[in-house]
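Let me begin by presenting the structure, written as structure tokens, before commenting on it.
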Amino acid sequence: MSGASQEGMTAKKAENFDEWYTQVILKSEIADYSPVSGCVVYRPLGYAIWENIQRETDALFKKDGISNVYFPLFIPEKLLKREAEHVEGFAPEVAWVTEAGSSKLDERLAIRPTSESLMYDVVSRWVRSWRDLPMRLNQWNNVVRWEFKNPTFILRSREFLWNEGHSLFATREEAEAERDSIIGIYRKITEEYLALPGVLGRKSKGETFAGAEATYSIEHLLPDGKAIQGPDWHADGQNFSKAFNIVFIGKDGSKQFAYQNTWAISTREIGVMIATHGDDKGAVIPPRLAAVQVVVVPIVNDENKAAVLAESRKLAASLAAFRVRLDERDNLTPGKKFNEWELKGVPLRVEFGPRDMKEGQAVLVRRDTGAKRVVKLQSLAAEVSAELESIQANLFRKASDFLARSTHDAGSIADLKKVMAQSGGLVRVRWCGDPACEAKMKEGAGGKVLNVPVDQKPGSGACLGCGKDAPSYAIYGKSY
């Protein structure tokens with residue numbers, strides 16, 4: 001299938017989600033295939049979404065006292081091996097450089113799957129005293145994880161873009177206190193910009209990031225009933241500081257190892273956003289992230305063309321506070337233009353023809369609902385602003401309603417199996433935390449524990465695996 005195709009959607013979201021998802025990304029010109037399997041080409045409309053995510057997230061990082069850095073793409077093998085658990089976790093996904101030109105390298109270089117090994121070897125030279133801490137660093141970069149099993153367009157790609165946050169603290173208490181601020185930033189971005197709800201919780205031991213003591217994630221639910229992990233935050237304790245000798249002199253004069261955290265949000269969120277909000281007409285992009293928020297489409301004929309176009313240019317100029325596009329192309333009918341901009345997911349369309357020019361008005365058409373209404377030109381900017389905010393809120397509300405409808409309860413493994421077979425989605429299950437009990441659930445129903453929500457109220461119930469009291473429930477389901 002050609003990514004340049006301007007033909008409309010042929011797959012239905014409710015009938016063939018996988019085909020629909022691929023079509024909507026290609027035909028909306030969000031992204032395209034690359035010559036390397038499992039890697040993604042982001043087209044201007046898609047990369048603009050990532051730039052907007054990056055800009056808004058980066059501003060919140062800086063406000064929180066985080067500084068940007070950049071470290072190289074290549075990691076010497078000896079550094080990657082310094083932290084055994086980390087290496088074991090990433091070894092199957094690491095891509096290696098072994099030659100340069102016609103010469104064999106003396107040591108293999110890993111193409112960055114994540115930067116802990118390289119960064120901490122360097123950062124160990126920067127930390128000498130408690131006065132050097134906290135040190136909170138971030139880099140925006142690409143990483144390569146050679147996913148062999150099931151690469152999925154944007155959702156699980158072999159190369160992806162992300163933020164890679166790394167922080168160092170003098171005490172465990174300071175390090176743990178960072179979680180809420182970082183997760184708070186990610187929740188703001190996912191909820192208020194991407195219009196994506198999610199379940200925040202602690203991952204099981206088996207799903208904890210390699211080398212970390214604890215991982216907290218925001219889990220999203222896609223329309224096909226499968227979950228996918230969104231932004232995350234990892235409490236690394238002193239695992240990396242001991243492996244890389246990040247030692248400082250404390251206030252009491254003793255040598256101490258730093259406590260560390262890592263955290264990330266990636267381009268995966270674009271795929272989740274497209275999958276969640278898109279419909280059978282194409283993409284639906286939340287206004288706060290859209291490359292084009294408003295498209296102005298003049299409706300002309302030979303008799304009124306010059307006058308309508310002149311007024312349309314003035315109209316577009318009056319909307320300069322927004323990311324606006326004036327579509328003056330004369331080789332397409334208005335209907336073709338409407339379909340194309342709907343396919344690309346532009347949140348709001350402004351239609352302007354000879355009658356509108358005569359009446360001093362324009363027609364606003366929402367992408368999310370298709371609703372049309374006439375507004376006066378003197379209040380156009382205010383009406384556009386209000387409509388965009390309404391669209392943004394409506395997308396989050398619809399996604400939240402879907403998440404609520406798709407979250408179920410199961411009181412036994414038999415119930416779990418039945419719910420997952422009939423309904424899919426997320427399932428609340430009582431779980432004591434023992435991996436053996438999760439294994440029983442997996443054997444009986446498939447799926448896995450996605451996380452243990454942090455905002456649940458204290459309660460009690462029998463663990464589905466062992467029957468013992470489980471004070472917490474976990475979110476269970478199938479995932480990408």
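Nothing in this text is a laboratory measurement; each read-out follows from the coordinates by a stated rule. These numbers come from a predicted model, not from an experiment. Positions of Cβ are generated from backbone atoms using ideal geometry, with glycine treated the same way; all protein chains shown enter the neighbour counts.
Straight-line cross-link partners of LYS78 among the lysines, defined as a Cα under 18 Å from its Cα and at least 8 positions apart when in the same chain: LYS104, LYS242.
In order along the stretch 196-202, phi translates into HN-Hα couplings of 10, x, x, 10, 8, x, 8 Hz, rounded to whole numbers, per the Karplus curve 6.51 cos²θ - 1.76 cosθ + 1.60 with θ = phi - 60° and x for Gly and Pro. Relative to the dominant Cα principal axis of the chain, helix 17-27 is inclined by about 60°.
May I ask you to work out the translational diffusion coefficient for the stretch 1-130 at 25 °C, viscosity 0.890 mPa s, via Stokes-Einstein with Rh from the Kirkwood sum over Cα pairs, reported in whole µm²/s?
Values: Rh = 18.8 Å.
Taking Rh from Cα pairs, D becomes 130 µm²/s.
How much length, in nm to one decimal, is gained on full extension between LYS418 and THR22, taken as 0.36 nm per residue of separation minus their Cα-Cα distance? Please list the in-between numbers first.
Values: separation 396, 0.36 × 396 = 142.56 nm, distance 2.97 nm.
Stretched fully, the LYS418-THR22 segment lengthens by 139.6 nm.
The orientation-averaged projected area of the convex hull spanned by the Cα atoms of the stretch 407-477 comes to 4.0 nm². Modelled spin-label separation between ALA307 and LYS104, with each label point placed 7 Å from Cα along the Cα-to-Cβ direction: 8.1 nm.
Please order LYS205, LYS358 by the number of other Cβ within 10 Å, starting at the fewest.
Values: LYS205 14, LYS358 9.
Least crowded to most crowded, the residues run LYS358, LYS205.
Near the amide H of ALA470, within less than 5 Å, lie the amide hydrogens of GLY461, ALA462, CYS463, all on another chain or at least 5 residues away, with H placed in the peptide plane. Would any residue of the stretch 69-104 have its amide N under 20 Å from a label point 7 Å out along Cα→Cβ of ALA439? List them or say none. Output list for this probe position: 89. Taking amide H as placed 1.01 Å from N in the peptide plane, the amide H of LYS81 sits under 5 Å from none that are at least 5 places away or on another chain. Ordering ALA462, TRP431, VAL419 by the projection of their Cα atoms onto the charge dipole of the stretch 407-477, which places +1 on the Cβ of Lys and Arg and -1 on the Cβ of Asp and Glu, puts VAL419 at the extreme positive end. Under a model in which nothing but the beta-carbon of Lys, Arg (+1) and Asp, Glu (-1) is charged, the chain shows a dipole of about 360 debye around its Cα centre.
Going by alpha carbons, how many degrees (0 to 90, nearest 10) lie between the helix axis of 380-405 and the longest principal axis of the chain? The helix 380-405 is inclined about 50 degrees to the chain. Using only side-chain charges placed at the Cβ, +1 for Lys and Arg and -1 for Asp and Glu, the dipole size of the stretch 17-277 relative to its Cα centre rounds to 500 debye.
Using alpha carbon centroids, what distance separates the stretch 72-127 and the stretch 1-60, in Å? Cα centroid of the stretch 72-127 versus Cα centroid of the stretch 1-60: 31 Å apart. Label reach from ASN150 (point 7 Å along Cα→C-beta): in the stretch 420-449, amide nitrogens under 16 Å belong to 420-421, 424-426, 442-443, 445-449. How far, in degrees from 0 to 90, does helix 435-445 lean away from the longest principal axis of the Cα atoms of the chain, to the nearest 10? On a 0 to 90 degree scale, this one is about 40. Across the stretch 74-81, coupling constants 3J(HN,Hα) worked out from phi with the 6.51/-1.76/1.60 Karplus curve, θ = phi - 60°, read 9, 10, x, 4, 5, 6, 4, 7 Hz, and Gly and Pro carry x. Note on the stretch 407-477: with charges restricted to the Cβ of Lys and Arg (+1) and Asp and Glu (-1), its dipole about the Cα centre is near 100 debye. Projecting the Cα atoms of PRO72, PHE248, TRP162 onto the dipole axis of the stretch 17-277, where Lys and Arg carry +1 and Asp and Glu carry -1 at the beta carbon, places PHE248 farthest toward the positive end. Phi-derived couplings, Karplus 6.51 cos²θ - 1.76 cosθ + 1.60 at θ = phi - 60°, listed residue by residue for the stretch 293-305: 8, 9, 10, 9, 10, x, 10, 10, 9, 4, 6, 10, 3 Hz, with x used for Gly and Pro. Histogrammed with a bin width of 5 Å, the alpha carbon distances of the stretch 294-394 distribute as 2, 13, 27, 26, 20, 9, 2, 0, 0 percent, first bin at zero.
Taking amide H as placed 1.01 Å from N in the peptide plane, ARG108 has its amide H under 5 Å from the amide H of GLU77, each at least 5 places away in sequence or on another chain.
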